[in-house]
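See structure below.
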2 protein chains.
Amino acid sequence: MKRAGLLGQLIQNLCCLPGVGAKTAQRMAFHLLQRDRNGAKKLAESLLHAIEHIGYCRQCRTLTENSLCGICQDSARDGSIICIVESAADVWVVELAAVFKGRYFVLHGRLSPLDGIGPDELGLEQLEQQLASGAIKELILATNSTVEGIATAYFIGEMARKHHVQASKIAHGVPMGGELEFIDSDTLSHAFNGRKEL
Amino acid sequence: MKRAGLLGQLIQNLCCLPGVGAKTAQRMAFHLLQRDRNGAKKLAESLLHAIEHIGYCRQCRTLTENSLCGICQDSARDGSIICIVESAADVWVVELAAVFKGRYFVLHGRLSPLDGIGPDELGLEQLEQQLASGAIKELILATNSTVEGIATAYFIGEMARKHHVQASKIAHGVPMGGELEFIDSDTLSHAFNGRKEL
């Protein structure tokens, strides 16, 4: 049944959320209208504020409401080590692990010539300027281990070599707590090839 | 990591959606900001419109943006048969099945004395007025088959009897396409007790 009116519109618009289909959107709409109108109001205002004020950091291209993000502003972070990631969500994940004290550079994608995504779309010109300035000593490549992600890492690695900047790639292998029985053979082959002496 | 700022607020506010935890909210926020700002804007506006304009139908208490909902306004529907449901979402589900051509009465809950939910909270006074007016010939009770839902149906059934209105309960049994092997014993006992001659 196609239900017209504001309720139908709300359900349809909730479907723009990732992982939300018609059934879930319906449940969300009824929940908000019947039990949490205050939360719905806050959510709506928060969405409007976010899309109006959140842009991209002019240095590392992550999502931020300022022209320079909190990490780039923080003088305690080491600006000579740059971690290259595919998306702003990846920055969040690495920050959560609290293993990295340098700065980031967000590509917002990966090289994919068939989709028309080349070096320009990923801001690599901007990255090259930073490499040329001599302020960067090391690049850590943390792109995803898909075909495009690996190709992107290789391309950026070559760029780093040209500017005599050291480049490394994060390790791939068996995840912590992962059982061998459930690991795919590609990961396992990486784990064996990347073995370390005890 | 607690991330402050508009992005953190947006993630926190997305958690008010049912079934959405911190991780999903994070994914939604990044998706909207990086790929679908237009959809986010529409969603926010739709939420604000909905909470401002959607109220309850004065006759059947379902959610509607008018004082009388589309079903109560529709003169083709039979106003002498009323289906009693627990929530506005249930109205939607019954409409989707397109088996019922009468009107509804939405309780917005079930009798639950321990939680302070009595006949007044469910609008039963209003239902009794409708029963007393003599316009209703039959009540179909479609409350959920929980302990409270069954008690509520019994209570309303007694009310109908007082006003000499016929009351029935929707059938419980094995769902269509359901395999016996996976049916719980309570449902199966209902299915056997409610068996019909071929």
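The values are calculated or read from the model by the stated rules, or taken from the named source; none is laboratory data. Note that the structure is predicted; figures quoted are calculated from it, not measured. Backbone-built Cβ (ideal geometry, glycine too); neighbour counts: all protein chains shown. Keep in mind that these areas ignore ligands, DNA and RNA; they rest on the heavy atoms of the full protein, side chains included. Shrake-Rupley method; radii C 1.70, N 1.55, O 1.52, S 1.80 Å.
Being closer than 24 Å to B:Gln166 by Cβ and loosely packed, with under 13 Cβ neighbours inside 10 Å is the filter; apply it to region B:89-104 and report the residue that is farthest from the other protein chains (Cβ to nearest Cβ).
Step by step, filter region B:89-104, then rank; the result is B:Lys101.
Cβ-Cβ under 6 Å, sequence separation 6+ or interchain: first residue in region A:98-126 and free of Cβ contacts under 8 Å to residues at least 24 places away in the same chain and among the charged types (D, E, K, R), partner part of a helix (DSSP H, G or I) and surrounded by 16 or more Cβ atoms within 10 Å (Cβ to Cβ). Which pairs?
Hits for this filter: zero, empty list.
If you take the residues in region A:163-190 that are out of contact with any helix residue (DSSP H, G or I) (no Cβ under 8 Å at 6 or more places or on another chain), closer than 21 Å to A:Leu139 by Cβ and not aliphatic (A, V, I, L, M), which one is surrounded by the fewest Cβ atoms within 10 Å (Cβ to Cβ)?
The selected residue is A:His164.
Within region B:79-88, can you find the residues that are outside any helix (DSSP H, G or I) and either charged (D, E, K, R) or within 14 Å of chain A (Cβ to nearest Cβ) (or both)?
Passing the criteria: B:Val85, B:Glu86, B:Ser87.
Which of (1) surrounded by 15 or more Cβ atoms within 10 Å (Cβ to Cβ); (2) outside the structural domain of B:Val99 (by TED's automatic domain parsing); (3) closer than 26 Å to B:Asp78 by Cβ does B:Lys196 not meet, given it meets every other one?
(1)
Report whether or not B:Glu125 is part of a helix (DSSP H, G or I) and open to solvent by 80 Å² or more (accessible area, probe 1.4 Å).
yes
When both residues are 6+ apart or on different chains and their Cβ atoms are under 8 Å apart, which pairs have a first residue that lies in region A:57-84 and is farther than 16 Å from A:Leu127 by Cβ, and a second that is of a type in the set (Phe, Trp, Tyr) and open to solvent by 30 Å² or more (accessible area, probe 1.4 Å)?
Hits for this filter: A:Leu63/A:Tyr56; A:Thr64/A:Tyr56.
Could you please find all residues in region B:62-78 being more than 9 Å from chain A (Cβ to nearest Cβ), surrounded by fewer than 21 Cβ atoms within 10 Å (Cβ to Cβ) and not in a helix (DSSP H, G or I)?
The answer is B:Ser67, B:Leu68, B:Asp74, B:Ser75, B:Ala76, B:Arg77, B:Asp78.
If a residue has to be closer than 18 Å to B:Val91 by Cα and buried (at least 18 other Cβ atoms within 10 Å of the Cβ) to count, how many in region B:128-148 make the cut?
Going through region B:128-148 one residue at a time, the tally reaches 5.
May I ask you to list the residues in region A:25-44 that are at the interface with chain B (Cβ under 7 Å from one of its Cβ atoms), assigned to a helix (DSSP H, G or I), more than 13 Å from B:Ala88 (Cβ to Cβ) and open to solvent by 20 Å² or more (accessible area, probe 1.4 Å)?
Residues satisfying the conditions are A:Arg37, A:Lys41, A:Lys42.
Take the residues in region A:1-23 that are at the interface with another protein chain (Cβ under 7 Å from one of its Cβ atoms) and polar (S, T, N, Q); name whichever of them is surrounded by the most Cβ atoms within 10 Å (Cβ to Cβ).
Ranking the qualifying residues of region A:1-23, first place goes to A:Asn13.
Within the bounds of region B:62-75, is there any residue that is touching a strand residue (DSSP E or B) at 6+ places or on another chain (Cβ under 6 Å) and assigned by TED's automatic domain parsing to the domain that holds B:Gly118?
No.
Could you tell me how many of the residues in region B:45-55 are more than 7 Å from chain A (Cβ to nearest Cβ) and either buried (at least 18 other Cβ atoms within 10 Å of the Cβ) or in a helix (DSSP H, G or I) (or both)?
The number of residues fulfilling the criteria is 2.
With (1) in contact with a His (Cβ under 7 Å, 6 or more places away or on another chain); (2) within 25 Å of A:Leu32 (Cα to Cα); (3) assigned to a helix (DSSP H, G or I) as the list, and B:Leu131 as the residue in question, which single condition is left unmet?
Evaluating B:Leu131 over (1) in contact with a His (Cβ under 7 Å, 6 or more places away or on another chain); (2) within 25 Å of A:Leu32 (Cα to Cα); (3) assigned to a helix (DSSP H, G or I) leaves (2) as the failure.
Can you name every residue in region A:133-150 that is among the hydrophobic types (A, V, I, L, M, F, W, C) and more than 21 Å from A:Arg77 (Cβ to Cβ)?
Hits for region A:133-150 are A:Val147, A:Ile150.
Restricting to region A:146-198, give me the number of residues that are polar (S, T, N, Q) and touching a Pro at 6+ places or on another chain (Cβ under 9 Å).
1
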